[in-house]
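Okay, structure first, notes after.
The values are calculated or read from the model by the stated rules, or taken from the named source; none is laboratory data. Remember, it's a predicted structure, so these values are computed and weren't measured experimentally. Positions of Cβ are backbone-derived with ideal geometry, glycine not excepted, and every protein chain shown enters the neighbour counts. What goes into the accessible areas is simple: the full protein's heavy atoms, side chains included, and nothing from ligands, DNA or RNA. Shrake-Rupley method; radii C 1.70, N 1.55, O 1.52, S 1.80 Å.
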Amino acid sequence: MDDDLITPAVLESLASSSAFRRGEAYFSVGAVGRLRLTDDRIAALVEGSQSYQVELRDDRGELAGDCSCPRAAAGHFCKHCVAVGLAWLAEQAAQGKPAAKAGKARRRDPWRDIEAYLTAQPPAALIELLLGVARRDDQLYQSLRLDGERTAGGGDVAAAFRRAIDDAPRRHGFVDWRQAATFARAIDQVADSLTELLKPDTAAILVELLEYAIECVETALEEVDDSNGQVGGIVYHLGDLHHKACAMARPEPTELAERLFRLEMTLPFSLCSFDANDYRDVLGKAGLRRYRELAEAEWGKVKPGDSKDHYDVSRARITHVMEQLATASGDVEELVAIKSRDLASGHGYLEIAEIWVKAGQPDTALAWAERGLQAFPERPDNRLRDFLVAAYLDCQRNDEALALTWVQFDETPSLQTFSKLHEVAGKLGIWPVQRERALSRLDDSIAREAAMTNRWKRTPSVPNHSLRVEIALWEEDLDAAWAAAHQGTCDRHLLIALAGKLEAERPEDAVSLYRRVVPLIVEDTNNAAYEEATRSSSSQPKSSAVSTAFALAKH
């Protein structure tokens, strides 16, 4: 790695000022372990709430970092990466090679030195060295133990793996997100070892072990915060390996179908699929027939849905299984019959309407959508309404399409419903008239809301023109937005957005808006107001308008 690739300025720009300061704190207390260097990588262990494995690397001339912590998993350059970078800079300085002047000389690769040393050692010394490390490293110990049990005297491979599978997800109480990475590594190690069994002579054993492992891990996940999806990713990998093992081992089709159906119906999270269609190549006709028999028997226990029913996970799963079977067979009537078992909301009708559209029967689809709208007059579904609007436009029922769009706007005036009106009326070539009508109704709604507030509080209330400003900004009509912002109260984020758009051409107006909103933010967040105003304003960083308004508000 080039010596000038890492500098404090680079680390801070990649991490952010706050993460850089926390990284400095980690480095200053000695949390960074020994650095391991190669030509283009620096690796180290950083001790925080737990141990994190960190790696910095040269990514085509740019510094990049990886860490096992949750923030790095979300794509950020974390404080642990900063700490390792600072440790590397300190090591360079201690060797009399300041990073900025160290030049491009190629550094010795310590891994080559280690390899040369190990190559020269007798086997007995290497064994002793490895045993010493295993005594300190539980993961290495478990790996060596598993390999030893598999090879010792022709031992029972399945039994050895079952013990390893039982041990890997073992925990003491709930595993929070900070401990999840360590929990995942233990399972991942067993998963890697299982991969070695994907061979013709051990594939049948692997199939059974994978089913056992997936059940064990999913059960354990009920007490694990896997927010980063690390454990879930391992389970997905195990599911993919299971399909490959089945394709290689070719287990008895009907027995496999029974196991697949049980797993599909009972796993707590269903992180990997055991759907019959995914295993069609392995199940064959006999296995698929048995899977369907089991599904239909379970489906026969399901009663038609009722709007008072609570969510039932078993019902949801068997419904999904039956839908998958019907979709795979191409039987639209069967799929509709399955969907018709649960029409407890307008969305159920919408799903059936969409099925008929895909089947090329728009009239049947329209009929189902209209039935759904009529079935729930008190709980209408706007997605169903949107479907009907599009269908009405397709069959030239324009008045009905416009009327249904107006219903949504009148019920809930918002930018979303206003934009729906814009889209429909625009297609019909009547937007200017409909726009004026919508804005007039919006003004009436604002006045009514202010009047109701007056009666409730028994004090004068200033009307809230936030939605009017939002619509004007959406239409890019800054004059209308400015006028609306001065007719009453307005959400401060909208005022900041308007000020940002006015800065270039009307800086004095922008300043007046900032002076109006910044004091309110200062009361809550003090200096965070400056960051909020800057972040929400124009793309010009730390504009003079923001700075001026903030200074005036502070003093």
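Things to note:
- Leading residue by the ranking (least open to solvent (accessible area, probe 1.4 Å)) among those in segment 333-366 that are of a type in the set (Val, Ile, Thr) and farther than 18 Å from Val302 by Cβ: Ile355
- Scanning segment 479-511 for residues that are open to solvent by 50 Å² or more (accessible area, probe 1.4 Å) and assigned to a helix (DSSP H, G or I) turns up Asp479, Trp482, Arg492, His493, Lys501, Pro507, Glu508.
- If you go through segment 326-356 and pick out every residue that is under 22 Å from Tyr311 (Cβ atoms) and of a type in the set (Ser, Thr, Tyr), you end up with 3.
- Looking across Ala545, Ala528, one residue alone is in contact with a Pro (Cβ under 6 Å, 6 or more places away or on another chain) and at pLDDT below 90. It is Ala545.
- Filter pass, Gln50 being open to solvent by less than 30 Å² (accessible area, probe 1.4 Å), polar (S, T, N, Q) and closer than 29 Å to Glu115 by Cα: no
- Taken over segment 412-428, the residue count meeting the criterion of being open to solvent by 40 Å² or more (accessible area, probe 1.4 Å), of a type outside the set (D, E, K, R) and over 16 Å from Ser466 (Cβ atoms) is 3.
- Residue, modelled with the lowest pLDDT, within segment 80-102, restricted to residues that are open to solvent by 40 Å² or more (accessible area, probe 1.4 Å) and not in a helix (DSSP H, G or I): Pro98
- Verdict on Ala297 being within 26 Å of Ala344 (Cβ to Cβ), free of Cβ contacts under 8 Å to residues at least 40 places away in the same chain and among the aliphatic types (A, V, I, L, M): yes
- Of the residues Gly488, Gly426, the single one that is small (Gly, Ala, Ser) and either touching a Ser or Thr at 6+ places or on another chain (Cβ under 7 Å) or under 25 Å from Ala365 (Cβ atoms) (or both) is Gly426.
- The set of residues in segment 59-74 being open to solvent by 50 Å² or more (accessible area, probe 1.4 Å) and assigned to a strand (DSSP E or B) consists of Asp59, Glu62, Asp66.
- In segment 266-287, the residues that are open to solvent by less than 30 Å² (accessible area, probe 1.4 Å), of a type in the set (A, V, I, L, M, F, W, C) and over 12 Å from Ile214 (Cβ atoms): Ala276, Val282, Leu283
- Criterion violated by Ala152 - all others in (1) of a type in the set (A, V, I, L, M); (2) modelled with pLDDT of 80 or more; (3) exposed (fewer than 12 other Cβ atoms within 10 Å of the Cβ) satisfied: (2)
- Residue in segment 172-188 that is part of a helix (DSSP H, G or I), open to solvent by less than 40 Å² (accessible area, probe 1.4 Å), in contact with a Cys (Cβ under 8 Å, 6 or more places away or on another chain) and not charged (D, E, K, R) present: yes
- Meets criteria (surrounded by fewer than 18 Cβ atoms within 10 Å (Cβ to Cβ), more than 25 Å from Asp192 (Cβ to Cβ) and modelled with pLDDT under 75) for Ala105: yes
- A count restricted to segment 1-32 and to residues that are in a loop (DSSP other than H, G, I, E, B), more than 19 Å from Glu55 (Cβ to Cβ) and open to solvent by less than 70 Å² (accessible area, probe 1.4 Å) stands at 2.
- Tally of residues being part of a loop (DSSP other than H, G, I, E, B), under 30 Å from Ala74 (Cβ atoms), in contact with a helix residue (DSSP H, G or I) (Cβ under 7 Å, 6 or more places away or on another chain) and open to solvent by less than 70 Å² (accessible area, probe 1.4 Å) across segment 225-252: 3
- Checked against (1) of a type outside the set (D, E, K, R); (2) more than 30 Å from the chain's Cα centre (by Cα); (3) part of a helix (DSSP H, G or I), Val302 meets all criteria but (3).
- Hits in segment 369-394 (condition: open to solvent by less than 60 Å² (accessible area, probe 1.4 Å) and either part of a loop (DSSP other than H, G, I, E, B) or aromatic (Phe, Trp, Tyr) (or both)): Phe376, Pro380, Asp381, Phe387, Tyr392
- Scanning segment 232-272 for residues that are among the basic types (Lys, Arg) and free of Cβ contacts under 8 Å to residues at least 24 places away in the same chain gives a single hit, Arg262.
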